[in-house]
Amino acid sequence: MLSNRFQNGMETARLVWSRLPRSEEGDLDGVGLLSTTSNRNCVESLDYEVIENYAYREEQVTRGKLFVGYNVGMKWFFALLIGIGTGFAAVFINISVENFAGWKFSLTFKIIQKSYLAGCLIYILINLALVFSSVYIITQFAPAAAGSGIPEIKGYLNGIDIPGILLLRTLIGKIFGSIGSVGGGLALGKEGPLVHTGACIASLLGQGGSTKYHISSRWLQGFKSDRDRRDLVTCGCAAGVAAAFRAPVGGVLFALEEVTSWWRSQLMWRVFFTSAIVAVVVRAAMGWCKSGNCGHFGSGGFIIWDISGGQEDYSFEELLPMAVIGVIGGLLGALFNQLTIYVTRWRRNYLHKKGNRVKIYEACLISVITSVISFGLPLLRKCSPCPDSDPASEIECPRAPGMYGNYVNFYCSKEKEYNDLATIFFNTQDDAIRNLFSAKTIHEFSAQSLLAFLVMFYTLAVITFGTAVPAGQFVPGIMIGSTYGRLVGIFTVNHYKKLNIEEGTYALLGAASFLGGSMRMTVSLCVIMVEITNNLKLLPLIMLVLLISKAVGDAFNEGLYEEQARLRGIPLLESRPKYEMRKMTAKEACRNQKVLSLPRVVKVADVVSILQSNKHNGFPVIDHTRNGETLVIGLMLRSHLLVLLQSKIDFQHSPLPCDPRGGSQGIRHNFSEFAKPVSSKGISINDIHLSSDDLEMYIDLAPFLNPSPYVVPEDMSLTKVYNIFRQLGLRHIFVVPRASRMIGVITRKDLLIEEETDSTTMELQSTSV
């Protein structure tokens, strides 16, 4: 009976797996996501602009304050759900990673008591199995879950529609892929993938779940416009950082500084609320796990390296070596960015073109190399005698067999000895960083061991970044920076001969400098480092090294995420326009374009012909006055034209225009019909079937077009056009000749409208047609 149940279970599992989509079914490459020229040309933008047509204005008139209050309340409710969902996802990932790592090290330490060779083989096989599970999930199930996901989310919030990055399968692949890759000991972290995980949770909640897998709820489907999804995804990004580092304020600042291109005060409050909910969920989970309910999880897992008991003060003489740390961080960070560019290009052009099997082989080979180095290199290092024990310190030397932390006894001939290289190499990354940051452990690590670890781990981080597994760069960057920071700390202690100088303080500054030199973040990174170390006294020093490392890194290349976005073909609009744009005008920028316009009343056959002949997503609509002059009356979106063609209810026999204000023609459609699902590309012209009689009919576009698109004069500088386009989150902008007459001038006092009944700030509602 048991065997029959087992066989039935296996058959059910195979059936479910066979129904899951494979990577070949989509158009995603995962690692080289939009890398080809054809894919780059097919990139579409998101519609963040409100389409203020007649139907929208009529809808706004009918909506009262009760509906507006309900709308705002639902946004706060979604912020709550995003915080809870991201918090639980982070708890699950961290508990799984810590338990896999704990079982791996406990088993390995037990085996090496009898045979180091057998322990090495077991260690390599466990890591290989975990990494294989991760890369198999990514290549066969969720290719868009590869990498950190931050460049893709940054592109989405910049207004770029990147298919596949916010799907349910991407979320599943990100969670389980991160567990395998991080638990397998690769030189990468889970913090970047947690940002992507939070964004996926936010997007799925915003669309009410996944209709493809029949996991959806109609009452959650309240926000379907790109504008509302952008706000939810922003909350998810902040929640991911807050969950990864237990740094709610740092999460808010990360979303503001690094990933978003558009911000407002109402969104700030909701993002802050989401991060606070994440912090509460994570803290409650850690309190529950401290009682032993989570296996090997314990007090670690969630990154917080408390060094509040470390160095109390610093002297003016120490500013010079601290500035040197900032310079080193800028140089090594810029070099890391450049090396990852070369490696990623080589992978894309030569390796990953050969298919998913090569991606699996590559990840498994890197896993074996990483395991051999982390196990074998400490064997070459001579053990050191334990320092004199401090009764006030909780650190033991050496650790008991089967335990990992400070002072690991690895391949030592005497009991009172430890292997300093194994303490940081043969350990989880979280505990290795905790060891490097630790206070009251002067001379725990030798300069030779730190230098060997820096060279090897730096190399492993470069070659691992870009493999087909979820990979974050926060923790590897902290590992690299804290290593050379501790090296500088050793030289500083030996030079100044002062008792109050802690090597762990310099390790912290080194970690901040490398992240600043690589990712080029300043304010958010500064707050995150203060929150995870619980030491506010070091804030001025962290600010100093961050400013220096960012200035040095900017002299060589751009930040890591910007470079990776460019490699993946994501056309980001940066915060500052290029210098060459100052010498160009709007007319010069669009002089090679062929504008396709539509008349107000257009024949159905002409609409079909235009949509089949090009891929434009917006068309100017023109009308003729009684004097015969041509007048641009608005902008018609391609997606709205497709909805009208598919529904057919707005077709008319007469080529004469109707009155858009009269009748119910402008409100025949529900808003859900015009909203493009985030999990698909929406309607295609090939999906619409029209008869010959349908093609002979007409459509009046006036009720559905945007009558007030943004317009700039032809001689406006391209720099001003760039700023307007990016800051307003536009998809289209009209370039027109100089106006012949003027109606009036709006100043500040014209915009200060006094409300008669209520002075409450009203949020702009979603686009509706």
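Given H placed 1.01 Å from N in the peptide plane, which residues other than close sequence neighbours of VAL736 have an amide H under 5 Å from its amide H?
HN-HN under 5 Å from VAL736: VAL712, GLU714.
Please give the contour-minus-distance gain from LEU751 to LEU320: 0.36 nm per residue of separation, less the Cα-Cα distance, rounded to one decimal in nm. It would help to have the intermediate numbers written out before the result.
Numbers: separation 431, 0.36 × 431 = 155.16 nm, distance 5.27 nm.
Going from the current span to full extension adds 149.9 nm.
Using θ = phi - 60° and the Karplus relation 6.51 cos²θ - 1.76 cosθ + 1.60, list the HN-Hα couplings for segment 185-197 in order, rounded to whole Hz, with x at every Gly or Pro.
Values per residue, Gly and Pro as x: x, 5, 7, 8, x, 9, 6, x, x, 5, 5, 5, 4 Hz.
Among 112-123, 473-484, how do they line up from the highest to the lowest mean number of other beta-carbon atoms within 10 Å?
473-484, 112-123
Report, in whole Å, the centroid distance computed from the Cα atoms of segment 150-182 and segment 224-277.
16 Å
Just order 407-419, 142-154 by mean Cβ neighbour count inside 10 Å, highest at the front, would you?
142-154, 407-419
How many nm is it between the label spots at GLU396 and SER654, if each spot is 7 Å from the Cα in line with the beta carbon?
Computed distance between label sites GLU396 and SER654 equals 9.1 nm.
Could you sort out which of LYS587/LYS749; LYS114/LYS416; LYS416/LYS497; LYS154/LYS583 sit more than 31 Å apart by Cα distance in this structure? Provide the component values of the computation, followed by the final result.
Working: LYS587/LYS749 33 Å; LYS114/LYS416 19 Å; LYS416/LYS497 27 Å; LYS154/LYS583 29 Å.
Beyond 31 Å: LYS587/LYS749.
Round to a whole angstrom and tell me the spacing of the C-alpha centers of segment 595-616 and segment 508-547.
So the two Cα centres are separated by 54 Å.
For segment 360-370, just list the computed ³J(HN,Hα) in residue order, Karplus coefficients 6.51, -1.76 and 1.60, θ = phi - 60°, integers in Hz, with x standing in for Gly and Pro.
Calculated HN-Hα couplings, in order: 5, 4, 4, 4, 5, 5, 5, 4, 5, 4, 4 Hz.
State the extension gain, in nm to one decimal, for the chain segment bounded by MET716 and GLN266, taking 0.36 nm per residue of separation less the distance between their alpha-carbons.
That works out to 158.8 nm of additional length.
Taking amide hydrogens as modeled 1.01 Å from N in the peptide plane, which residues meet the under 5 Å criterion relative to TRP262, leaving out close sequence neighbours?
none
Using R₀ = 51 Å, calculate the FRET efficiency as 1/(1 + (r/R₀)^6) where r is the Cβ-Cβ separation of GLU696 and GLU257; round to 0.05.
Result of the calculation: an efficiency of 0.35.
Going by amide H atoms built from the backbone, whose H comes under 5 Å of the H on ILE622, apart from near neighbours?
Sorted by chain and number, the residues that satisfy this are LEU598, ARG600, ILE633.
Taking only protein heavy atoms and a 1.4 Å probe, what accessible area per residue, in Å², does segment 54-290 have with all protein chains in place?
Numbers: 8070 Å² over 237 residues.
Spelled out: the 1.4 Å probe surface of segment 54-290, per residue, equals 34 Å².
If packing is taken as the average number of other Cβ atoms within 10 Å across a peptide's residues, how do 463-472, 612-621 rank, most packed first?
Most protected by this proxy first, the peptides run 463-472, 612-621.
In whole percent, how big is the carbon plus sulfur part of the accessible area of segment 54-290, probe 1.4 Å, protein atoms only?
So the carbon and sulfur contribution to the accessible surface is 70 percent.
At 7 Å along the Cα-to-beta-carbon direction for both MET742 and ASN494, put a label point, then send me their distance in nm to one decimal.
It works out to 7.3 nm between the two label points.
Under the Karplus relation 6.51 cos²θ - 1.76 cosθ + 1.60, θ = phi - 60°, what is the ordered set of whole-Hz ³J(HN,Hα) values for segment 424-441, x standing for Gly and Pro?
After applying 6.51 cos²θ - 1.76 cosθ + 1.60, I find 10, 8, 8, 6, 5, 5, 4, 6, 5, 5, 4, 5, 5, 7, 4, 9, 6, 10 Hz.
The values are calculated or read from the model by the stated rules, or taken from the named source; none is laboratory data. Because the structure is a prediction, the values reported are computed rather than measured. Neighbour counts run over all protein chains shown; Cβ positions are idealised from the backbone, glycine included. Surface areas here come from the heavy atoms of the whole protein model, side chains and all, with no ligands, DNA or RNA. Shrake-Rupley method; radii C 1.70, N 1.55, O 1.52, S 1.80 Å.
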